[in-house]
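Undergrad: One structure, pasted below without further comment.
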Amino acid sequence: MAVPTHAQIVVIGGGIIGCSTAYHLARDHKADVVLIEQGKLTSGSTWHAAGLVGQLRSSASITRVLKYSVDLYKGLAAETGLETGWKMTGCLRLATNEDRWTEYKRLATTAKSFGMEMHLVSPDEVKRMWPLMDVSDLVGASWLPTDGQASPSDITQSLAKGARMHGAKLFENVRVTGFEMDGDRITVVKTSGGDIACEKVVNCAGQWARQVGAMAGINVPLQPVKHQYIVTEKIAGLASDAPTLRDPDRRTYFKEEVGGLVMGGYEPNPQPWTTGDVPNDWEFRLFDDDYDHFEQHLVQAIARVPVLETVGVKQMINGPESFTPDGNFILGAAPECSNMFVGAGFNAFGIASGGGAGWVLADWVMKGEAPLDLWAVDIRRFSEMHRDRDWVRDRTCEAYGKHYTIGFPHEEYTSGRPRITSPLYERLKGHRAVFGSKLGWERPNWFAPEGQEAKDVYSMGRQNWFDAVGTENRHCREAVGIFDQSSFAKYEVTGKDAAAALDFVCANNLMKAPGALTYTQLLNSRGGIEADLTVARLAEDRFYIVTGTGFRTHDLAWIKEHLPKGDVAVRDITEAWGTLSLMGPKARDVLALVTGADVSDAAFPFATAREIAIAGTTVRALRVTYVGELGWELHVPLSATGAVFDALMAAGAGAQIRPLGYRAIESLRLEKGYRAWSADITPNDTPFEAGLGWAVKMKSGRDFIGRAALEAMAGKPLVKRLAGFTLADPKVVLVGRETILRNGTPVGYLTSGGYGYTLGQSIGYGYVRNSDGVSDEFLASGHYELVVASETYAARIGMKPFHDPDNRAVRA
Ligand SMILES: Cc1cc2nc3c(=O)[nH]c(=O)nc-3n(C[C@H](O)[C@H](O)[C@H](O)COP(=O)(O)OP(=O)(O)OC[C@H]3O[C@@H](n4cnc5c(N)ncnc54)[C@H](O)[C@@H]3O)c2cc1C
């Protein structure tokens, strides 16, 4: 069969991800799909995968994606007649120390929050389930009964057959060699079998996805890494339905296969493959066996399953797999090209993800927006810095090495730092700043007092910065501080039609006079929150948008994609402006000392923006706060950021001004009830559910994206609502995903958790759900508890901010 000259959608790559995407495009959307594979189907990474299928992740949406895979694999053979090898063996994860055990207790709670069954079992129970194992060093294990294993090639062939049954056309031995573009749009996919004119392209090219993307100018920041496992001869006494086994303290995993064991691991010293192009002639190929490198896993595996010492090894698999700088896969609409979508970089869980990833990616391709909150895997979480191949390799290797290490809360990566520093970096270091990194930027997390080492020490309980951040929190509430927020993403929107265009993209009213500052959400067609930002109207035809550091690529892409056509242009000007947030009850006193401008409440009220002069520089001052105190975000031309900081520090000496860090911001905003996008508010949540209905221009009569969906909700009861909770027990550490119990029944889970120093209590936020509606009365009448690391604690609900419920401080 000849390659067609036209198709609605071209999928590149015939591994599990491409086949699953083609299957879902054809089955769910009746799309006209052509899949192009340069070799045979499965011949990239898919054919040599070990086939373990786990489901639980820290994101509810990604867990849902993986659960979908399992449901699909269970039933696929009935549809296509081709078996998938799916076996629901369950999965045991072993713990050999208390920190790991705490991690599992938290995971078991997360599982409960996400509606999955997970149990904690004793070493004796583990021995009963897996008799060949030495359990003498175990504290216990977690048991997820619905996990399992499958045959990667069989699933893929079954999906490919299903795709064909629904009308997709699959071509083997045809290579995509380039694209014809019209601006940022692909018009033609060039292949070794001829040109295909098309509307959309889905890049599922596995470890080749980076170079396939590069042909259209898009960046897919993944790194191929060598990953090895062995397959043993038959082992007497090994049950064919033995649970899959993960032994993270020994960095290894196991799976039964035709009477023997598959055993592999994640070493701390991974072997990255090329940072250049992957050879195209890599069909069904492996690297040479590398027992020297693998020995570290063998030693650990024999200690766990002693019989391995005497069992023969049938085969070693040493294959490439694409890994990413944060261990999550890469999905969605490429920001650089208006019609290329990506599904790649599966970090050795592509078989587990394949079914679900194909489902959500197909939906995304057809509808232009993700069907649920996929931020954790969204390609727009990266930025230009991720074009640096060496940086991507180093960070990816660090992430690979951490695959099985204990996930301590607040842990920061260390490789490739510092990458981007603000002009205040050295000054803040002088103040003993301990930095974290966000999208490459070094940002002060906290400041170590004299006598304490300026370094994070991670633990499962309260960490070493706890008291220092408490001091910073109080300082902001009682005096004044400066937060260096120069990493904020900043855009300028200009043009005669800018106001009307932005007003259509934003849920809040932007048709205000110059000088107005507006807090707004950007909604998708379901009314879900795609972005949360502030917009300053600088002039009739000029707007300044400020959003979170990590959301830079994402929010810009969303705005560009959705702005109506007209005389309107958007520019990313992040690097042009430093940001100093001057916050605290004495902020006005300090500001008045460094500027001649009138900064009284009458002249410079809340939610306004003015240009004022400080230290000889014109500064964009925005009267806004994310910490619940009187304050200004001072946006300073980058080169003058140091001088303005120095002027503020000198003028504020009498008011005990000091720099403050991001961990204090988190605590302060939790006390004040400000929502964080990607945690409390996501594409899964509407402003009404999030308690942000006041920021939506429903009464204006003007149209905006998401309006129709919100109108359809009007008058109906809300089935979930965001609420705050406090927990009095000072020992309990909240990190998010803890289960909310109402009258003893799970009704939701925390989306954020932390500590409120002003209250002296832990604070969490989460959605309370009830299919019959969540009224004020429903919320108020419940008796609440939180399940934290598998223990239940009494909690108190609050529908108003816990600190300053009347909003006095902000409006002072
Ligand atoms: C040793 C090992 C063990 C693993 N174990 C597990 C496991 O237990 N569980 C799990 O979930 N995952 C596991 N994985 C990961 C899993 O194999 C991958 O995540 C998954 O196969 C990725 O699928 P894919 O479709 O993205 O990539 P691939 O299978 O590599 O498919 C990409 C396809 O694109 C084609 N292609 C590339 N360029 C072009 C072009 N220009 N034109 C046309 N076609 C092109 C390639 O030929 C290739 O077939 C393991 C991986 C390895 C290496």
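The values are calculated or read from the model by the stated rules, or taken from the named source; none is laboratory data. Here the structure is a predicted model, which means the values were calculated and not measured. Here the Cβ is made from the backbone with ideal geometry for all residues, glycine too, and neighbour counts use every protein chain on show. These accessible areas exclude ligands, DNA and RNA; they are computed on the full protein's heavy atoms, side chains included. Shrake-Rupley method; radii C 1.70, N 1.55, O 1.52, S 1.80 Å.
Undergrad: For the range 567-639, what Kirkwood radius comes out of the mean inverse Cα-Cα distance, in Å?
TA: Kirkwood hydrodynamic radius for the range 567-639: 12.9 Å.
Undergrad: While we're looking at this one, here's another question. Ignoring ligands, DNA and RNA, what percent of the accessible area of the range 19-72 is carbon or sulfur (1.4 Å)?
TA: 47 percent
Undergrad: On average, how much accessible surface per residue is there in the range 42-124, in Å², for a 1.4 Å probe, leaving out ligands, DNA and RNA? Kindly include the intermediate steps, with their values, before the conclusion.
TA: Numbers: 3060 Å² over 83 residues.
Each residue of the range 42-124 exposes 37 Å² on average to a 1.4 Å probe.
Undergrad: Okay, moving on. Measuring from centroid to centroid over Cα atoms, what is the spacing of the range 447-499 and the range 750-778 in Å?
TA: When both Cα centres are located, 23 Å separates them.
Undergrad: Largest first, please: the extent of the C-alpha atoms of the range 67-224 along each principal axis, to the nearest Å.
TA: Per principal axis, max minus min of the Cα coordinates gives 62, 37, 30 Å.
Undergrad: Here is a follow-up. In a solvent-free Debye calculation with one equal scatterer on each Cα, what is log10 I(q)/I(0) for the chain at q = 0.07 Å⁻¹, listed in the order of the q values?
TA: Those come out to -0.55, one per q.
Undergrad: Starting from the Cα of K716, draw a straight line to each of the lysines and keep only those under 20 Å, dropping any in the same chain fewer than 8 residues away.
TA: Filter leaves K697, K699.
Undergrad: Sorting check: for 219-228, 554-563, which peptide has the highest mean count of neighbouring beta carbons within 10 Å, and how do the rest follow? Mind showing how you got there, number by number?
TA: Details: 219-228: 24.0, 554-563: 19.7.
My ranking of the peptides, most packed first, is 219-228, 554-563.
Undergrad: Going from most exposed to least, what order do M316, M511 have by accessible area with a 1.4 Å probe?
TA: Listed by decreasing accessible area, they come as M511, M316.
Undergrad: At a 1.4 Å probe, what is the % contribution of carbon and sulfur to the accessible area of the range 436-492?
TA: Heavy-atom surface of the range 436-492 belonging to carbon and sulfur, 1.4 Å probe: 49 percent.
Undergrad: Let me ask another. Past the 32 Å Cα-Cα mark, which pairs from K67/K672; K190/K255; K87/K314; K455/K560?
TA: K67/K672; K190/K255; K455/K560
Undergrad: What is the percent carbon and sulfur in the accessible area of the range 308-423, measuring with a 1.4 Å probe over the protein chains and ignoring ligands?
TA: In the range 308-423, the share of accessible area belonging to carbon and sulfur is 47 percent.
Undergrad: What number, rounded to the nearest 500 deg cm²/dmol, is the helix-based mean residue ellipticity at 222 nm of the chain, given -39500 (n - 2.57) per DSSP H run of at least four residues and division by all its residues?
TA: Mean residue ellipticity at 222 nm (helix-derived): -7500 deg cm²/dmol.
Undergrad: If you average the alpha carbon positions of the range 636-685 and of the range 270-315, how far apart do those two centres end up, in angstrom?
TA: If we compute the Cα centre of each part, the gap is 48 Å.
Undergrad: For the range 735-787, state what percent of all Cα-Cα pairs lands in each successive 5 Å bin, counting from 0 Å until the bin that includes the largest distance.
TA: 5, 20, 26, 24, 17, 7, 1, 0
Undergrad: Just to be sure I understand: if I project the alpha-carbon convex hull of the range 652-809 onto a plane and average over all orientations, what area do I get in nm²?
TA: 11.8 nm²
Undergrad: A follow-up question, please. With a 1.4 Å probe and all protein chains in place, put D598, D249 in order of accessible area, largest first.
TA: Numbers: D598 95, D249 45 Å².
Descending accessible area places them as D598, D249.
Undergrad: Additional query: If you project the alpha carbons of the range 488-589 onto the principal axes, what extent comes out on each, in Å, largest first?
TA: Projected onto the principal axes, the Cα atoms of the range 488-589 cover 44, 28, 26 Å.
Undergrad: On average, how much accessible surface per residue is there in the range 327-400, in Å², for a 1.4 Å probe, leaving out ligands, DNA and RNA?
TA: Solvent-accessible surface per residue comes out at 22 Å².
Undergrad: How far is the Cα center of the range 153-202 from the Cα center of the range 379-443, in Å?
TA: Spelled out, the Cα-based centre of one part sits 36 Å from the other.
Undergrad: Diagonalise the Cα gyration tensor of the range 1-147 and give the resulting equivalent ellipsoid semi-axes, square root of 5 times each eigenvalue, largest first, whole Å.
TA: Values: eigenvalues 301, 56, 37 Å².
Result for the range 1-147: semi-axes of 39, 17, 14 Å.
Undergrad: Another question about this same structure. Before anything else, pin down the relative contact order of the range 75-234: Cα pairs under 8 Å, at least 6 apart, normalised by residue count, whole percent.
TA: Computed value for the range 75-234: 21 percent relative contact order.
Undergrad: Using only alpha carbon positions, build the gyration tensor of the range 225-373, then give the equivalent ellipsoid semi-axes as the square roots of 5 times its eigenvalues, largest first, whole angstrom.
TA: 34, 19, 14
Undergrad: Sticking with this structure for a sec: Using protein chains only and a probe of 1.4 angstrom, how many square angstrom of C204 are accessible, to the nearest 10?
TA: In the full protein context, C204 sits at about 10 Å².
Undergrad: Relative contact order for the chain using alpha-carbon pairs under 8 Å, separation at least 6, rounded to a whole percent?
TA: Reported as a whole number, the value is 12 percent.
Undergrad: Find out how many positive minus negative residues lie around E172, taking Lys and Arg as positive, Asp and Glu as negative, among other residues whose Cβ is under 14 Å from that of E172.
TA: My count for the surroundings of E172 gives +3.
Undergrad: Now for a different question. Just in the range 213-287: which chymotrypsin sites (Phe, Trp or Tyr not before Pro) are loop by DSSP and have at most 15 other Cβ atoms within 10 Å?
TA: When the chymotrypsin sites (Phe, Trp or Tyr not before Pro) of the range 213-287 are filtered for loop state and at most 15 Cβ neighbours within 10 Å, F284, F287 remain.
Undergrad: Assuming R0 = 25 Å, what is the FRET efficiency of A569 and K438, from their Cβ-Cβ distance, to the nearest 0.05?
TA: Efficiency for this residue pair is about 0.40.
Undergrad: Send over a whole-number figure in Å² for the accessible area per residue of the range 484-554, probe 1.4 Å. Please list the in-between numbers first.
TA: Numbers: 1740 Å² over 71 residues.
Per residue, the range 484-554 has an accessible area of 25 Å².
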